[in-house]
Every structure is written in structure tokens, then in C-alpha cells.
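Report on one structure; see the data block that follows.
Here, each number is a calculation from the coordinates, and none is a lab measurement. Remember, it's a predicted structure, so these values are computed and weren't measured experimentally. Backbone-built Cβ (ideal geometry, glycine too); neighbour counts: all protein chains shown.
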């Protein structure tokens, strides 16, 4: 008997090994979906990183994503009759899609501006401010959806994924990695790029140093002449743009319509990813991939049924457990990790300026 | 003709503040203040807490806008809009509470706001390191730019702050209470650095309320009281009593009469105590100490030598890693704060806003804070509002807490009255042991006198009192016996009456170890 | 001065003078001015939203009076008839429980967004036990079902409280995760163990005698009575007991609480558990009083509504009642409004968010409207909650 069979046949523990083997087996097939599923979560997490590194807690990311998703869909639907839907660039981008994407990002930034105003200038409780955004987002999008549902408008269309050259994707062993990273639409492709650029800028650029200072010790930053308020406003609004990209992904790269409450908690999972990733962009991306994997594995249990002992065990588990899996995993990871994960020192604390101007 | 001009420019003050006034709601913090500082001069600004020194410097640094008056640099009037502006004009400030980001390196802290750029986006770290190391060497200290500031000693953090100022070509350096957290040895070292800076042409404004230091280091002394300049002196022409009288406005008895103590049985006994700090290091490394009934034992030591951890361990706010604490013969090492409170132990915490009061609660509720769960304040689960209020009114009267009603929230009280509230709570009642940690920090003279008198009264009533203070003067003034704490150990115990201040200071700095003394001496 | 003693309780009333009445009136205005103004402003914003949204739907004529019509039917539907008032009370009942739940948590410095999941678990507990005892006498069945709801909700509140106490995991994220998980739990229970054979979609049996009796009109059930009892209990707990003093102290200053001998972590867990029980009762009131059975898609807006109610009521039990009545009115009136004007009921969410916005922007409002500053123990602009990491949990 080879080693694998030996491991699999151990009572109880063997199931765990079988499960690991199962996951390794199906991984190449589900890998592209993992990256896709991670996209909204990762953008949400990076928005969180940007805001919290500057010292502002942003619970409203879920709401921003939801509104951006709606705008991405409906702005496109409105623009199609006006601009036609002829693809002009790669990825099947047409004029209405550009309009929709820009509108979504713009709206995301405006909503963040509101949150920024409440948190920075009014110095209100930042968690309440974020919750208000979530309530308003759900309300407004549901309200508008109800109003326009009768027209059954179709959005501007979906981004067409890039087709990676088969020379790369057909490589043995590693081909699937190229497929996973390259067979994606523009928003997903930009995710990696943005994460890396963000990471480098945060820790090596002047902008990053000042941002981190404002999040750790705003008073010290002020005394060397940095405008704490401006840094925070700017970063929160930029963060809103990132979150909006994550929301736009849902209706512009994933499915071509808007559904009630379609973000389904991704904004909050993004916050958890931010914490697990220790408030660094690449860490947040990694954590987002982790969470997305649980989602993907949970779903694939139905699509790629497991055989043998493992199959019996998995079929005995009610389907709803797999639905709840990403949320449960989030709780477990958060409870296990948070104690050792230290946020920026001034995170969430309203700041009162002392300067004369 | 040109010779006269030369003399005039050489004599022109580097900084002049004329008629500066600043009003905050309810208080005139600066009242037509005139100040001039020459190039290469160390000018001390002396005054009590709340006299207006910090406000004046905030005006200079652009953190506050003056209502009246003007500022002149090298004879030219300037307006300073904010810290960035002040820095550009060559004014730098080293704050009393360090403006350093603990998780950043020394280099990042110094660079912040004045970064050395490789291109419009990225910082040139290598070049920055070079400049920092060179700057440090020029003024006599070796600094490692990569070290995390949070792991540095307080004295070294001070040096980083000064480097920050020098890095920005500060011609005028303002230091706000720079020696508050330094050992006497570190103070000597900083003074040497300041002398060198002055000799190199920098002007230094040295804010302090410590008379003997000011006499040591300053070229000129300006005394401020209640927002006004009340006098200017040269150190050679004055002494501590004269300065004290200027500062406070009346003849000051520098020492409160503490009378005779009649120590009784041992109340608190500490043997071989070991306590860890928040980072897991042993902050208390084997302390032996006794406090008797009817005596005040003062613990002298520079902040950060384990005093806070010692006090928290006694009270039960911090777990004990080894050793034993006994109260009247009972082993209380593992007792909780409530257990200690039940046994008659009172505690005045160093951080009064954090541990001592709940600012949004009423004064009456605060007075019941440690006994809210038992008679007379509650019966079982239910609180007795009337009893809470009446006890509060009684204690307010007895301890002179200035407030219109007992139901006003505690945040309407001044700092001194908040401390009196804490004292009213902890001192009222049958107290077997009182633990006081920095009880008069930041208070006005009147409140300090009051608390000292109350403490001595408690002692005379038979309580055992442990007083921890970073103010050596306070310890010398009030204690019957003095224990010096250094690096987590009690290194000496002296009689309060006959203690020699210089000896205590040296013990605080070196722990009495020859090796340390020699090493400290050669590091300067 | 008259004094009334009832055992350990004591009430004092002084004879009113003109000056004291004037002061009382001014104090009352100071407390209610802000919520009232926030509501008025929100209605103005709602007007703008309704008009603007007409622009977004192509092919509809713009009707400037539509919002006013909408408001009229909204509040008319809520208060305009006996049936309407009864409906409003029924809608307000779960909001009173939910508002108490969130308010109690706020007092301890915690943010119970999990009221939604606790609501669902409470309803599940109520239906599970309710179906089991459906044939028992009501005097036994009802309390038992309510108790089951409280225990289920308490469990769903205990988990995030416990996790926060031992690891510092922020309750905002964990409770929201549990909210989503609760939907899965309901789905599983209703399609599995509780499923009643004989219908295409999963559905439970009815709760029979465990259902709450109707007291008013056709739908006014006894839940409102239980809710008012809960209000009295929470008020007494917070302001008259030592435990309540501990809760408030931990919320105001956990370090001072530790020094006072309180145990902040225990208080956090206790408070979240109690809050969960209250939110569980909120679910029970809907299930036992209104629907009396459960389907797999048993849904709710009570979760978010409760947050608004707690903030509107400034985390005070009496304020919660008023907030609950307002939102209950809006929710029940919204259905009438939709029927008559085709404006989607979700406009209430928009109004709700706007009210909260103006409440939170209070300092700016105060300055603009020159209101006197009222010192309250829990102002909406102070930081009510503590953020991530073990900073939030003291040793």
C-alpha cells in the first residue's frame, strides 16, 4: 500500500487526510473561481486597510459595494440606449460600460465622503456612521430596484475575460496557475496589480509614511506639519473608490443583473480579511483568497462529489452548513487570530486639531 | 558706521515676542507677554502648571493663534500659521509628551514631514540614514536609525526628539519640561548637549518648573505667573527661594511640616516580589519592603523602574510572578482589587482619568465606585440612591471638593477637584493601608498642599501609607522613610528626615552600583 | 416633598412650582428636540429622494405632490384608524424588544448588530417548542415557548460576547457573520426536523396554544404587554441595580471598572447574553403573535430597525419605546402607502438612515440651530463602541 492509502485508512483522522487530498484534486478546476470570488472581498479589505491605516474605521464598506454594484448595473442600463453597445476595447468594453464603471466609482467616492465627513469633521462614532451607510445603501438599492424591476432592464453587459494563450495554460503541472491568474476580467486582473502597488507605496513612499503616521499618532504627525484631516479625507475617499471596484465586479464581471442585497456580507468578510492580513494589502489579499477558497470548496462539494468514505461523510452534512461555511470560517479565524493582530494605534479615534488654521 | 551696524545685528534677538495675549473660554492664558531670546542663549521659562508657559509656546509654534501681539524673528515680524510654517521659519519644539510614533524606526520618526526623496514618490532611506548618523555624531551621540523608537529608553527618545528638531535646521529650539522623565545622570547629559547647541549659535527656550535645574542651565530666566511676566533674572543674581516666590506670588514654605511619626505594627510586608510588565519583561525583580501603621514610606525613582507594576501588583490589578505580599499578616498576593478594598486598602491611581473616575458619571456615583455593591450604597442587588447622595454630600464637604451639587457629572470638575474626589473616596472610612501613586501630578499648589496635609492626617490616624512619586521633592517632603527603586529593586532605604537629596538622586540614577556609574559617566 | 416607598423602591416627587415646571419643560425640549428635528429633516430628504427617483424611472411623469401623498398614507395608515393603531402597536412590539437589546449593549460599550440573527434564533426556539407544546394549556405553553426563545437568542448573543471576551474579536464582525449563519440554521431546521409533511415548500406546524392571545382588534396580541414589562425590567436593571451600575461603568470606562472590582469581561458576556435574550423575545413576539408558524424564508427588518430605535431613544428604555412606536408606525404604514401610491416600502429604510444621519451629525445641527447642550450619559456623538484587537478587552 502506498503512503496515501495508508493515511486515508486511519480511522477518523483518515477522513481529514482524504479531505485534504480531495481539495488538492479539485483545486486546479476551482482555482479561477477562487480568485474571482476573492475579488470583491479583497477590494473591500484593501479599502479597509487604506481607511484604517489612516485611523478611520469604515464599517460601511458593505454599503458602498452594494450601491456601486447597483450603479454599475443601472447606469449601464440607462447608457445603452444612448450610447449603443458596440465593444470598442479589449475585454469587450463598450462605451456604456465605461460610463457605468466610472459612475460606480464616483458614487463610491461620494458615499465615502459622507462617511469621512461624519467621522473626521463631526467626530461621530465611526461604527455608527458606517452602519448608517449600510442601512441607507440597502434601503436605497432595494427601493430603486423595486421601482425599476418592472422595466427589467439589462445592464451594459459583462466584461469579457482575457483569454490567456493556450501555450501557457496547457503547460503540465503549472498551466492551471496561469489560467487562474490570466483568464480573468479586467477588475480581477487589476486586483493583483493594485494590491502590489498599494503594498509598495504604503511602506516605501512618502505618502505611505505619512498615512501610517496619521493612523498611529496623529498628534505627532500634526506637530511636524502634516494636515491630518486632509490625509484622512483623501484616503477614505480613495478607499471608497476601491470598495466601489469590488462592488462593480459583482454586476459587471460576475452576473449582468442586480439582486436584492447581493453583496451578502462580502464587505464584512473583507474587514475580517483585513484583520487577518494584519492591515497590509498583500496580507489582506491572501486572507481574501483564504475565505474565497472556503466558499469555493463548499460549493464544489456538490459539483465534484467526493468518493468513498469522504463522500459518505460529506453527503451526511446538511447543505446549509456549506452555505454558512464562509461565515463560520470567518468567525473562527477572527477569534483565533485577532488577539495577535495589532491595529494602527489611533484606529477609530476621532481627532481634534490643535492648529491655529 | 558699519561697526555700529555689526554690533546692532549681533545684539538683535533671534526671537522676540511682544505683547502676546491669548484668551481661552474663561481664562486669560497669556496677558501681554514680552519675551526675547538672543542667538546662542539658553533662556528658561519658569512657571507653575497652568501659568501660561505652554500656551505661549503653542502660539510660537503655530498651534494657537494669538489674540494680540506680534512675533519677530531676527527683527522681522512674522506670522506663523501652523507647525509646518514654524518649522520652515526655523522653530522646532520638543514636547513634554513625546511626539514619536512607537512602531516607527528612529529614521522614520525623524524623516516624517521632511522626507529625503529619491524621486517624487519614494523615500531615499540610505541617504536619510547617513544624514541622521552624521547629525548625531556632531552633537555627541551615536544613534542607530533602524531601531524601533518604542523599544528605546526615555532618555534616548528624548535625544531622538532633539535630533528631529536639528534635522530641520532649527535655529530656535523649544523644550517643554524636558527633564520630567530623565534620571539626574541623563539630565546632565542633555544639558551638555544643549550647551553645545547654544555654543553653535542655536537659541534654546527651556520650559520648566524645576528651580534647581533652571538655575543650573539657563543664561536668563523669565518667570511667568497667571499669564503675565512677573520677573526676569540672571542665575547669578537669584536663588531658589527668590524664584519660588516669583512663581507663586507669596512666601512659600518649601517644606510642609510633617511632624513626628509613631510607627506601629507592620501592616504591609512585601518579600521577594516579582512582577512582569505588559511586554512580559520582569519589571519588579525581587522587592522587599515593609510599611508600618502610622508611617509614610515614600518610593523614589525615575518613572519606568517598576513602580507602576509594583503598585498594581499590590492592589491586585496585575498578576504576581513570584514572591509574597502580606497585609496584617494575611497572604494577599493573589487578592483582587475588590478583596483589597474590602480589607481596608485605599488606592489613588497615577492615571486618574483611566482608573480613578468615570467622567460621565455623577460625582456621587464616583464616590460610591469602590463600594457600590454593599451597604450603605446597596442592599443586595438594589442600589440605595438616597444613601449614595447623602454620603456624597458629606464627603464633598469634608474634602473640599468644589462643586455646586453632588449630582453634577465628574467631568465638570477641575483636575485638582477630580483628584480631591478620588481622595475623598479613598481616604474616607477605616483605612488600614493607603497606596498613593503620583497623587499630586499636574495639580496646582493649593491642591497639592491639601492632599499632603490629608495624607499626614491619615498617617497620624494610624494608617500605613505607601507613596510612590517621580517628584523627588514630594517624596523628601512627606515621607518618614524613603525607599529608592532602581531597575525593579529597592536599592536603598533612608530615613526621611536625614536623607540627602544628592545621594537619593544618585541612587535613583545608578542604583548604587559603581560599574553603572562609571559606564553612565563614559557614555556622555 | 412626597415620598412613596415600595419595598426597596423609592419614588420622590416635589411639589411643582412655575419655575420648576419651566425647567422641566426646557429639559424635555432639550432631550426631544434633537430626535424631533432629525425626523423632520429626514422627511424633507425623503421628499427629495422620492421626487428624484421618479427621474430614474423612464417614462413616468414627475409628480411633485407624490411624496406628500405618500407621507399622508404612511402616517394615515399607521395612526388614522383603530385598525391602523393596532397594526402600529403590533409592528412596534418586536422593535421595543430589539431596541432594548441594542440599547443595553450600547450601555456596556458593545454594538449588537446581531439583533437580527438573535431575532431569527429566538423565533426558531419559539416555534420549535411552541409546536411541541401546542396542545398544552396556554398558561403553560406560552411561557415555555417564550423561555425557549430567550434561551435561543441568549445563546446567539453569548457566542460573540464570549469570543470578544477571550480573544478581543470585534462583536460587529462576529455578530454579522452569525446573522448570515442564522439564515442557514433556519433554512435547515424548517426543511429538516420541523418540516410538516403535506406541502410543497418547507413549513412548520402551527404553534397552537403557545400562540399569544389577541387583546386588541383583530391582530393586537399580548406581546405588547410583555414588551412593556421588558421595558420596566431593563430600566430597573440599568438604573436601580448594582449589576446595571456595573454594566454602565464598563461601558463608560472599563479600566475604572476593573479598579472598582468589576469584571469587564464577565459583564460583556453577560450583557451580550441578555441582549440576545431580548432580541430573541423580539423574534418570538412575531412568531407567536403574528405568523404562528415558520417558513424557510422567515425574514425580518427588525435587526437594523432596532439599531435606529436604540440610537433614537438614546439607549434609554423609555426612549426606546418612542423610537419603536415611530418605526413601527412607519413599517406598518408603509404597506398601506405602497398599496395606494406604488411607492416601495423600502423608503422607510431611507428615512431611517437619514434620521440616524441627522442624529449623528448632532453637534453640527446644534450649532446651526443653537440648541442648548444637554449632558447625557450616552450622547450619539461620543464613541459608543470600541474597535478591534485586544485594546478593546482589558486584562
- Separation of the residue A:33 and residue A:203 label points, Cα + 7 Å toward Cβ, nm: 3.4 nm
- Note on the structure: Per residue, the convex hull enclosing the Cα atoms of chain A spans a volume in Å³ of 168 Å³
- Note on the structure: For the pair residue B:76 and residue B:271, the simple spin-label estimate (label points 7 Å beyond Cα toward Cβ) gives in nm 7.3 nm
- So what are the three principal axis dimensions of segment B:14-69 from its Cα atoms, in whole Å, longest to shortest? 37, 23, 18
- Task: Express the relative contact order of segment B:357-429 as a whole percentage, based on alpha carbon pairs under 8 Å and six or more residues apart in sequence.
- Result: 39 percent
- Per residue and in cubic angstrom, what volume does the convex hull of the Cα atoms of segment B:371-511 have? 140 Å³
- Message: To make sure I understand, if each residue's beta carbon is the centre and we count other beta carbons within 10 Å, what order do A:279, A:117 fall in, fewest to most?
- Response: A:117, A:279
- Query: So for A:260, C:239, fewest C-beta neighbours within 10 Å to most, what's the order?
  - Reply: A:260, C:239
- Query: Taking only Cα atoms, what is the 0 to 90° angle, nearest 10, from helix A:228-249's long axis to the longest principal axis of chain A?
  - Reply: 40 degrees
- Task: Please report, in whole Å, how far the alpha carbons of segment B:357-429 spread along each principal axis, starting with the longest.
- Result: 34, 24, 18
- Item | For the protein assembly as shown, calculated [θ]222 nm from helices alone, where every DSSP H run of n ≥ 4 adds -39500 (n - 2.57) | -17500 deg cm²/dmol
- Note on the structure: For chain A, the longest principal axis of the Cα atoms and the Cα long axis of helix A:206-216 enclose an angle in degrees, to the nearest 10, of 90 degrees
- Relative contact order computed over chain C (Cα-Cα under 8 Å; 6+ residues apart), in percent: 30 percent
- Note on the structure: antiparallel share of DSSP beta bridges within chain B, to nearest 5, in %, is 55 percent
- Relative contact order for chain A using alpha-carbon pairs under 8 Å, separation at least 6, rounded to a whole percent? 33 percent
- Query: For segment B:9-248, what proportion of DSSP beta bridges, expressed in % and rounded to the nearest 5, is antiparallel?
  - Reply: 55 percent
- Which three lengths, in whole Å and largest first, does segment B:277-360 cover when its Cα atoms are put on their principal axes? 39, 31, 24
- Query: Mind checking the alpha-carbon convex hull of segment A:1-135 and giving the volume per residue in Å³?
  - Reply: 191 Å³
- Item | C-alpha long axis of helix B:184-199 to longest principal axis of chain B, angle in ° | 20 degrees
- Query: How large is Rg over Rh for chain C, taking Rg from the Cα atoms and Rh as the Kirkwood inverse mean of 1/r across Cα pairs?
  - Reply: 0.99
- Message: Which log10 I(q)/I(0) values does segment B:9-248 give at q = 0.08 Å⁻¹ under the Debye formula, counting every alpha carbon as one identical point scatterer?
- Response: -0.30
- Message: As a test, work out the antiparallel percent of DSSP beta bridges whose residues both lie in the protein assembly as shown, rounded to the nearest 5.
- Response: 60 percent
- Note on the structure: Cα-only Rg/Rh for the protein assembly as shown with Kirkwood Rh rounds to 0.99
- Item | Rh by Kirkwood over Cα pairs, then Stokes-Einstein D for chain B at 0.692 mPa s and 37 °C, µm²/s | 130 µm²/s
- Message: Could you identify which residue out of C:46, C:323, C:98 has the top mean-square fluctuation in a GNM of chain C using Cα springs shorter than 10 Å?
- Response: C:46
- Query: Fewest to most neighbouring Cβ within 10 Å: what's the order for B:469, C:20?
  - Reply: C:20, B:469
- Query: Is segment B:140-296 best put as rounded, prolate or oblate by its Cα gyration tensor, with a ≥ b ≥ c the root eigenvalues, rounded for a/c under 1.5, and otherwise prolate when a/b is larger than b/c, oblate when not?
  - Reply: oblate
